[in-house]
Amino acid sequence: MVEITPLTPVFGARITGLDIACGVDATTMAAVREALDRFSVLVFPDQHIDDAAQIAFSEGFGPLERTRAGAPGAGSAVILLSNIGPAGEIAPPTDKQVLNNKANRLWHHDSSFKPVPARASLLSAREIPAAGGDTEFASMRAAFAALDPAEQAVLRGRVAIHDFDWSRSRVDAALVSEAERSQHPPVRQALVLEENPHGAALYLGAHARSIEGMGEAESRLLIDRLMALATQPAFTYAHRWRPRDLVMWDNRAVLHRATPFATTTERRHMVRTCVAGAAPTLVAAA
Ligand code: OGA
Ligand code: MN
C-alpha cells in the first residue's frame with residue numbers, strides 16, 4: 001500500500017511504500033497519477049533506480065519527450081544535469097553548462113517554449129552536494145486560487161507568448177545557437193490552464209515574454225506581479241535532496257527552479273525524464 005503524506009499545507013506529498021525499481025502495479029500507478037493531479041509535486045524517497053528503471057516508471061504516465069538538440073543527452077529520453085565528466089571526476093563546466101545552470105535558476109515550467117509543453121518531469125538524485133543544489137517549487141494553482149474572481153475572469157482565455165530565444169538571451173546572449181533558434185520559434189500558451197481536476201493554474205515562467213493584446217510594458221507588469229504572487233513563501237516548497245530521491249512534478253501546475261551550489265568542488269549528478277503533454281495548452285483551456 002502506498003502512503004501519501006502532504007509536504008506543505010498547500011501542495012506536495014511524499015510517497016512511500018513502493019519500490020520503483022521492482023515495477024509498479026496498475027492500482028499503484030493509478031494512485032500515483034491521482035496524487036500528481038492533487039499534490040503537483042511528489043517525492044519518492046530512497047529509490048534505487050537506474051536510467052532504464054526511471055524511463056520505465058516515467059512511461060507509465062505517457063510518452064516521453066526526447067531531449068532537445070543542444071542539451072546533454074540530446075535525442076534520448078534522459079537529460080543529465082551533472083557536473084561529473086566521463087571519467088567520473090568533477091568536470092570544469094563548459095560555458096554552455098554554466099549558462100544552462102544559470103537559466104535553470106529562473107522559475108520555469110519545463111519546455112513551455114514547445115508547441116505542446118511537457119506534462120510532468122521526473123528528476124532523480126544520483127549524487128548531491130553537501131550544501132545548496134536544492135530544487136524549489138511554486139504552486140500556480142494556489143496562485144490562481146488567491147486571485148479575486150474578477151481578475152480570474154479577466155485572465156481566463158488570455159494567451160501568453162513563450163519565447164525560448166528571448167528568455168535564454170536574457171540569461172546570456174551567447175546561449176542560443178542558430179539551430180536552437182530556428183527549432184524553437186515563439187509559441188502561444190494559455191495563461192490559465194483549466195485541465196487540472198482539482199483547480200485551474202496560472203502558466204507563465206521564464207519563457208513567458210508577453211501577453212497577447214497587451215504592450216510589452218503592460219505585459220511585463222502583469223507577468224511579474226503574477227510570478228511574485230506564485231513564488232511567495234506560502235506557495236513554495238524547497239526540496240533539500242537526499243541521495244536516491246526521485247521527485248516528480250506537474251509542469252502544468254507548478255513552477256520550479258534550481259538553487260546554486262559550489263559547482264567546481266561539489267558533485268551533483270541528476271537525471272531527468274519528461275512526460276510529454278497530451279494536448280496543447282490552448283486546446284486544454286478551451
Ligand atoms: C529540471 C530542472 C533543477 C535542478 O530538471 O528541469 O530545472 O535543481 N532542474 O536541477
Ligand atoms: Mn526545469
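None of the figures in this text is laboratory data; all of them are computed from the coordinates on show. Everything quoted here is computed from the prediction, not taken from an experiment. Here Cβ is always computed from backbone atoms with ideal geometry, including for glycine, and neighbour counts include all displayed protein chains.
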### Summary
By the C-alpha gyration tensor axes a ≥ b ≥ c (rounded if a/c is under 1.5, else prolate when a/b exceeds b/c, else oblate), the shape of the stretch 3-285 is oblate
### Task
With a/c under 1.5 counting as rounded, go ahead and sort the stretch 142-228 into rounded, prolate or oblate using the C-alpha gyration tensor (a ≥ b ≥ c being the square roots of the eigenvalues; past the cut-off, prolate if a/b is larger than b/c, else oblate).
prolate
### Query
So what's the convex hull volume per residue for the Cα atoms of the stretch 135-282, in Å³?
153
#### Entry: the stretch 157-255: trypsin sites (Lys or Arg not before Pro) falling in loop per DSSP and having at most 13 other Cβ within 10 Å
240
### Task
State, to one decimal in nm, how far the label point of residue 56 lies from the label point of residue 27, with both points 7 Å from Cα in the Cβ direction.
2.1
### Top of 230, 74, 118 by mean-square fluctuation, Gaussian network on the chain, Cα under 10 Å
74
## Note on the structure
So for R0 = 35 Å, FRET eff. of residue 90-residue 217 from the Cβ-Cβ r, to 0.05, ends up at 0.20
### Query
Could you give the distance between the Cα centres of the stretch 212-286 and the stretch 117-139, to the whole Å?
10
### Query
Which residues does a label at residue 224 reach in the stretch 185-207, if reach means a backbone N under 16 Å from a point 7 Å past the Cα toward the Cβ?
205-207
## Note on the structure
Around residue 283 (Cβ within 13 Å, Cβ-to-Cβ, excluding residue 283; K/R +1, D/E -1) the net charge comes to 0
### Summary
For the stretch 23-101, one quarter of the surface area of the C-alpha convex hull, expressed in nm², comes to 6.9
### Summary
Taking the dipole of the chain about the Cα centre (Lys, Arg +1; Asp, Glu -1; charges at Cβ), the one of 113, 238, 193 that reaches farthest to the positive side is 113
### Message
Taking 22 Å as R0, compute the FRET efficiency from the Cβ-Cβ separation of residue 151 and residue 188 and round it to 0.05.
### Response
0.55
### Task
Sketch the reach of a paramagnetic label on residue 266 as a point 7 Å from Cα along Cα-to-Cβ, and name the residues of the stretch 223-245 whose backbone nitrogen lies under 17 Å away.
238-245
### Task
Arrange the peptides 31-37, 137-143, 16-22 so that the one whose residues have, on average, the most other Cβ atoms within 10 Å appears first.
137-143, 31-37, 16-22
